[in-house]
Amino acid sequence: MNNLIFANGWVLWFLLVLPLMIVWYVLRYRKQRAALQISTMDLFDTHSKSLRQRLQHLPYILRLVAVAAVIVALARPQSQLSRQEMRVEGIDIVLAMDVSGSMLAEDFRPNRLEAAKNVAADFINGRKDDRIGLVVFAGEAFTQVPLTIDHHVLLQQVGKVKSGNIKDGTAIGDGLATAINRIKDSEAKSKVIILLTDGVNNMGSVDPQNAAEIAALYNIRLYTIGVGSMGKAPFPFKDQFCRTVYQNIDVEIDEPLLTRMAQSTNDGQYFRATNKKSLKSIFDQIDGMEKSKVDVTQYAQTKDEFLPFLLLAIAAFLTELLLSLLYFRQ
């Protein structure tokens, strides 16, 4: 009965006749009831009502039940069994994140690296059907997390990313090559690499442009993101007394290279993020462009369920008729 629907739902409006029948019966009962005017009722205090008196309204109650059951039966109640099949074609995504020392610049709050980690975590939370991996690079590159659907583990590893664990520098080509190696054999309908950096390629054994062309050969789409404000950015240093002091350093991002790299791949794009808000907007744009395919097939089967209500109406009507002719005969 939890999935009960009505083919002729409009018939249920006739149930409103039941309150009218009740009002009519009450008025009729009061009008026909005999009255005996006496000065006191003390004479009847020791006499309780008989079973027949207590059940005198039962026939009419059964009539109401019969009418209600007939109306429900005419509304054609139906049970519905439904089944749903879902097929998800996810997208494989590798995040290649720059963790060089310059990512500690504080033109983003609290700094570039922490802002990138926070935005990346939000992006991962919104891609529940996709396999996502994480590559980090500075002067060299390595895989932090291979492609996985276990986003809980992935988010834990994103939170542990920090600068200083590997040789400093900016090896953009090595970072991209490592990401390609992790996704090139994927059978997903779409393969995507999001490369985030704040500098100029100055280390590594792989040329960034050559790496982008290799990505194109494997039908991998590349989105490159340049992270850093325009002009100068405050960078923390330790002085001789181990106090943190800040020095404004020039922001150098090789935008022409990052643009060419992205355009070398199928529909790839380059973005520039100058603050955390614009960085989040970029990830939102990428999220909107890379949608997983979800096919949903629904099956529904209906079965008429009017018979129980019809039998209830017949039983109530016959019971009322028998009680009126026999037990409550007047």
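The values are calculated or read from the model by the stated rules, or taken from the named source; none is laboratory data. Everything numeric here is computed off the predicted structure, so don't read it as measured data. Here Cβ is always computed from backbone atoms with ideal geometry, including for glycine, and neighbour counts include all displayed protein chains. These area figures cover heavy atoms from the full protein model, side chains too; ligands, DNA and RNA do not enter into them. Shrake-Rupley method; radii C 1.70, N 1.55, O 1.52, S 1.80 Å.
So what's the net charge close to residue 252: Lys and Arg +1, Asp and Glu -1, counting the other residues with Cβ under 11 Å from its Cβ?
It works out to a net charge of -3.
Surface calculation, 1.4 Å probe, protein heavy atoms: residue 221 sits at approximately 40 Å² accessible.
Of all DSSP beta bridges confined to the chain, the antiparallel ones make up roughly 50%. Taking every C-alpha pair closer than 8 Å and separated by at least 6 residues, the mean separation divided by the residue count of the stretch 52-209 gives a relative contact order of 28 percent. How tilted is helix 306-325 with respect to the longest principal axis of the chain? Cα atoms for both, answer in degrees (0 to 90, nearest 10). Value to nearest ten degrees: 20. Among beta bridges identified by DSSP and lying wholly in the stretch 86-186, the antiparallel ones come to about 40 percent. Applying the Karplus relation 6.51 cos²θ - 1.76 cosθ + 1.60 with θ = phi - 60° to the stretch 59-65 yields 3J(HN,Hα) values of x, 6, 4, 5, 5, 4, 5 Hz, where x marks Gly and Pro.
Note on surface exposure: 252, 106, 114, 213 rank 252, 213, 114, 106 by accessible area, highest first, 1.4 Å probe.
Give me the percent of accessible area attributable to carbon and sulfur for the chain, probe 1.4 angstrom.
Looking at the chain in its full context, I get 55 percent from C and S.
Over the chain, what is the relative contact order in whole percent, taking alpha-carbon pairs under 8 Å and six or more residues apart?
Details: 598 pairs, mean separation 78.3, N = 330.
Across the chain, relative contact order equals 24 percent.
Here is how the number arises for the chain: DSSP H runs of 4 or more residues each give -39500 (n - 2.57), the sum is divided by the residue count, and the result at 222 nm is -12000 deg cm²/dmol. Computed on protein heavy atoms with a 1.4 Å probe, the accessible areas place 261, 230 in the order 230, 261, largest first.
Given the pairs 162/238; 128/303; 162/276, which span a C-alpha to C-alpha distance of over 25 angstrom in this model? Pairs exceeding 25 Å: 128/303.
So, for the chain, what is the accessible surface per residue at a probe of 1.4 Å, expressed in square angstrom?
Accessible area per residue, the chain: 60 Å².
The H on the amide N of residue 76, modeled in the peptide plane, is under 5 Å from the matching H of 8, each at least 5 residues off or on a different chain. The solvent-accessible area of residue 25, taken with every protein chain present and a 1.4 Å probe, is close to 40 Å². Computed across the chain, the Kirkwood hydrodynamic radius from all distinct Cα-Cα pairs reaches 26.3 Å. The relative contact order of the stretch 131-247 comes to 22 percent, based on Cα pairs under 8 Å that sit 6 or more residues apart.
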